[in-house]
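Shown next, in structure tokens, is the structure this report addresses.
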Amino acid sequence: MRDRIYLCLAHMSGNEMKYIKEAFDTNWVVPMGPNVNAFEKDLENFVNKRVKINPENGKTVKELAPLDKKVVCLSAGTAAVHLALIACGVQPGDEVIVQSFTFCASSHPITYLGATPVFIDSEQQSWNMDPELLETAIKDRIEKTGKKPKAIIPVALYGMPYEIDRIMEIANRYEIPVIEDGAEGFGSMFNGQALGTFGEYGVLSFNGNKMITTSGGGALICPDEEKAREILWYATQARESYPYYQHEAIGYNYRMSNVCAGIGRGQMTIIDEHIAHHKHVQALYCELLKDVKGFHMHGNPAPEFDSNFWLCTATLDPDVKIVGQENAYKQVVTGAVGGAAGVTHTASSAVTDCQPNDNVEALRVALDKANIEARPLWKPMHKQPVYKDAPAYVNGVSEHLFHKGICLPAGPYVSDDDVRYIADTIKASIL
Ligand SMILES: *Cc1c(COP(=O)(O)O)cnc(C)c1O
């Protein structure tokens, strides 16, 4: 049997150990230090780059003067969301608007602050925050609560850019700060500019399965030096500058380790190759699966969208029949789908009231049997039991996508031969 093909595996450049060794040799084995500072500079250089694109085909026309955003490295992307919300002044009783079609780390930190997430459904093209629903929600929340939502969080799901031009226009009109959740979209661009640099803040994640990894880690893109310093202060227990510990606000222990930052520096030496490989894998899936009836790859909807294709995703029409479909959901899944670490609660039933269609589950099982890891699309937050009481503005798009969608392996470890094998397995699974 072939080796298992995973959704997205961390891939080392070979340069990581040099920086880690440096941390040990100089005894900087603490949550700050030269690697952290240098990694922040690398990230700034990367996200501040801008190009002019040809609006017809998305191709680069020329380089533009870089932006001047500052980056603060943190212990996780979730920590970055949390601190961005604090910096936007989110307090108990406030509301924060967030894309519903996302991973829970976009919305959970809102609840850490005693605030309430207001979920916004997606539009068909990018699968991300629907600007029309966004404006409807802002108006309705002001009418119902007498207060403006404190922030807006669009999410680059699977790396795909959101309609940031329309979202920023609305956010600016209502004077509500935007926190871009670019955790899955590191290296994605909209109109030649990096995701995370349009809003007030931009969240990055370097978890083990993201575009680049520091084993675990994240960063916040900040508008200027002053805001970056404030984030840094919150991330290091909000200490005042006295010879003794003096605290005038509540802080957090969220700074990145200098050892982890060493991994990040190594990863930055191959980020461009990583992104190119993800795009290459996406293009190959599209080519090999284009004639499969009822199977649709999710691609860039327009030239200004330039996804990193962190994961390659597709939808399966409900009328497509898959081998073994009659047995879908007959068994309670033990452990997380794909064996992801940390799932310690056993599912209490084989089904829930909102789950992928039987044919999607059957395709996942067929791929799994062929030693290919696939996964349903993320279940929208407004359909999650834990958020059943949160306000939601929905149009059915994300729920439909969740019923029909599947994530396919991507990333540097997925070879052309693997993609051919995956495409062949998909074709062979369709009755
Ligand atoms: C991974 C992820 C995060 C959080 O990142 P961590 O580094 O895992 O805490 C936030 N938002 C989205 C959409 C993510 O996928």
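The values are calculated or read from the model by the stated rules, or taken from the named source; none is laboratory data. Predicted model only: the values in this text are computed from it and were never measured. Here the Cβ positions follow ideal geometry from the backbone for every residue, glycine too, while neighbour counts run over all protein chains shown. In case anyone asks, the SASA skips ligands and DNA or RNA and just uses the protein heavy atoms, side chains included. Shrake-Rupley method; radii C 1.70, N 1.55, O 1.52, S 1.80 Å.
Mind listing whichever residues of the stretch 242-295 are assigned to a loop (DSSP other than H, G, I, E, B), of a type in the set (A, V, I, L, M, F, W, C) and free of Cβ contacts under 8 Å to residues at least 40 places away in the same chain?
First, the residues of the stretch 242-295 that are assigned to a loop (DSSP other than H, G, I, E, B): 242-246, 248-252, 254, 256-257, 269-270, 290-294.
From the residues that got through so far, the ones that are of a type in the set (A, V, I, L, M, F, W, C) too are 249-250, 256, 270, 292.
Once the filter is applied, which keeps residues that are assigned to a loop (DSSP other than H, G, I, E, B), of a type in the set (A, V, I, L, M, F, W, C) and free of Cβ contacts under 8 Å to residues at least 40 places away in the same chain, the stretch 242-295 yields ALA249, ILE250.
Among the residues that make up the stretch 216-223, is at least one of them surrounded by fewer than 23 Cβ atoms within 10 Å (Cβ to Cβ), within 19 Å of ASN45 (Cβ to Cβ) and not hydroxyl-bearing (Ser, Thr, Tyr)? Explain how you work it out, then say what you get.
Taking the stretch 216-223 and keeping what is surrounded by fewer than 23 Cβ atoms within 10 Å (Cβ to Cβ), we get 216, 223.
Next, from what is left, pick out any that are within 19 Å of ASN45 (Cβ to Cβ): 223.
Now restrict to residues that are not hydroxyl-bearing (Ser, Thr, Tyr): 223.
Among the residues of the stretch 216-223, at least one is surrounded by fewer than 23 Cβ atoms within 10 Å (Cβ to Cβ), within 19 Å of ASN45 (Cβ to Cβ) and not hydroxyl-bearing (Ser, Thr, Tyr), which makes the answer yes.
Quick one: how many residues across the stretch 134-157 are touching a helix residue (DSSP H, G or I) at 6+ places or on another chain (Cβ under 8 Å), within 16 Å of the ligand (Cβ to nearest atom) and either open to solvent by 60 Å² or more (accessible area, probe 1.4 Å) or hydrophobic (A, V, I, L, M, F, W, C) (or both)? Walk me through it before giving the result.
At the first step, the residues of the stretch 134-157 found to be touching a helix residue (DSSP H, G or I) at 6+ places or on another chain (Cβ under 8 Å) are 134-135, 138, 147-155.
Now restrict to residues that are within 16 Å of the ligand (Cβ to nearest atom): 151-155.
Next, from what is left, pick out any that are either open to solvent by 60 Å² or more (accessible area, probe 1.4 Å) or hydrophobic (A, V, I, L, M, F, W, C) (or both): 151-153, 155.
Matching residues across the stretch 134-157 total 4.
Would you mention how many residues in the stretch 187-240 are part of a loop (DSSP other than H, G, I, E, B), in contact (Cβ under 8 Å) with a residue 12 or more places away in the chain and more than 13 Å from the ligand (Cβ to nearest atom)? Outline the logic, then answer.
Initially, the stretch 187-240 is screened for residues part of a loop (DSSP other than H, G, I, E, B), giving 187-188, 191-192, 195-200, 206-217, 223-224, 237-238, 240.
Filter once more, so that each one left must be in contact (Cβ under 8 Å) with a residue 12 or more places away in the chain: 187-188, 191-192, 195-200, 206-217, 223-224, 237-238.
So of that shortlist, the ones also more than 13 Å from the ligand (Cβ to nearest atom) come out as 187, 191-192, 197-200, 223-224, 237-238.
The number of residues fulfilling the criteria is 11.
Quick check on the stretch 379-394: of everything there that is assigned to a helix (DSSP H, G or I) and open to solvent by less than 20 Å² (accessible area, probe 1.4 Å), which residue is nearest to HIS298 (Cα to Cα)? Give the derivation first.
Going through the stretch 379-394, the residues assigned to a helix (DSSP H, G or I) turn out to be 381-383, 385-387.
From what is left, the residues that are open to solvent by less than 20 Å² (accessible area, probe 1.4 Å) are 381, 387.
On the way: MET381: 21, TYR387: 27 Å.
Among those that are assigned to a helix (DSSP H, G or I) and open to solvent by less than 20 Å² (accessible area, probe 1.4 Å), it is MET381.
Could you check how many residues of the stretch 158-172 are within 16 Å of the ligand (Cβ to nearest atom) and in contact with a Ser or Thr (Cβ under 8 Å, 6 or more places away or on another chain)?
Total meeting the criteria: 5.
Filter the stretch 50-105 down to residues that are within 10 Å of the ligand (Cβ to nearest atom) and either in contact with a Lys or Arg (Cβ under 7 Å, 6 or more places away or on another chain) or open to solvent by 40 Å² or more (accessible area, probe 1.4 Å) (or both), then give me how many there are.
4
Consider the stretch 66-83. How many of its residues are touching a strand residue (DSSP E or B) at 6+ places or on another chain (Cβ under 7 Å) and outside any helix (DSSP H, G or I)?
The number of residues fulfilling the criteria is 10.
From the residues in the stretch 395-420 that are assigned to a helix (DSSP H, G or I) and closer than 15 Å to GLN355 by Cα, which one is most open to solvent (accessible area, probe 1.4 Å)? Write out each step before concluding.
Our first condition is that a residue be assigned to a helix (DSSP H, G or I); within the stretch 395-420, this holds for 397-404, 416-420.
With closer than 15 Å to GLN355 by Cα added as a condition, the list becomes 397-404.
Numbers: VAL397: 17, SER398: 0, GLU399: 52, HIS400: 114, LEU401: 8, PHE402: 12, HIS403: 39, LYS404: 56 Å².
The residue in question is HIS400.
With GLU180, GLU175 as the choices, which residue is more than 28 Å from MET17 (Cβ to Cβ) and either away from the ligand (no atom under 16 Å from the Cβ) or surrounded by fewer than 20 Cβ atoms within 10 Å (Cβ to Cβ) (or both)?
Values: GLU180 fails: either away from the ligand (no atom under 16 Å from the Cβ) or surrounded by fewer than 20 Cβ atoms within 10 Å (Cβ to Cβ) (or both).
Among GLU180, GLU175, only GLU175 is more than 28 Å from MET17 (Cβ to Cβ) and either away from the ligand (no atom under 16 Å from the Cβ) or surrounded by fewer than 20 Cβ atoms within 10 Å (Cβ to Cβ) (or both).
Of all residues being aliphatic (A, V, I, L, M) and part of a loop (DSSP other than H, G, I, E, B) in the stretch 106-121, which is surrounded by the fewest Cβ atoms within 10 Å (Cβ to Cβ)? Just the residue, please.
Initially, the stretch 106-121 is screened for residues aliphatic (A, V, I, L, M), giving 110, 113, 115, 118, 120.
Now narrow it down to the ones that are part of a loop (DSSP other than H, G, I, E, B): 113, 115.
On the way: LEU113: 17, ALA115: 20.
If we take residues in the stretch 106-121 being aliphatic (A, V, I, L, M) and part of a loop (DSSP other than H, G, I, E, B), then LEU113 is surrounded by the fewest Cβ atoms within 10 Å (Cβ to Cβ).
The rows are residues; the columns are (1) without any contact (Cβ under 8 Å) to a residue 12 or more places away in the chain; (2) acidic (Asp, Glu); (3) out of contact with any Cys (no Cβ under 9 Å at 6 or more places or on another chain).
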| residue | (1), (2), (3) |
| --- | --- |
| LYS18 | no, no, yes |
| VAL30 | no, no, yes |
| ALA38 | no, no, yes |
| LEU43 | no, no, no |
| PHE46 | no, no, yes |
| ASN54 | no, no, yes |
| VAL61 | yes, no, yes |
| VAL71 | no, no, no |
| LEU74 | no, no, yes |
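Give me the residue from the stretch 174-186 that is of a type in the set (D, E, K, R) and in a strand (DSSP E or B) and, out of that set, farthest from TRP310 (Cα to Cα).
In the first step, residues of the stretch 174-186 are kept if they are of a type in the set (D, E, K, R); the result is 175, 180-181, 184.
Those still in the list that are in a strand (DSSP E or B) too: 180-181.
On the way: GLU180: 17, ASP181: 14 Å.
Within the stretch 174-186, the match that is farthest from TRP310 (Cα to Cα) is GLU180.
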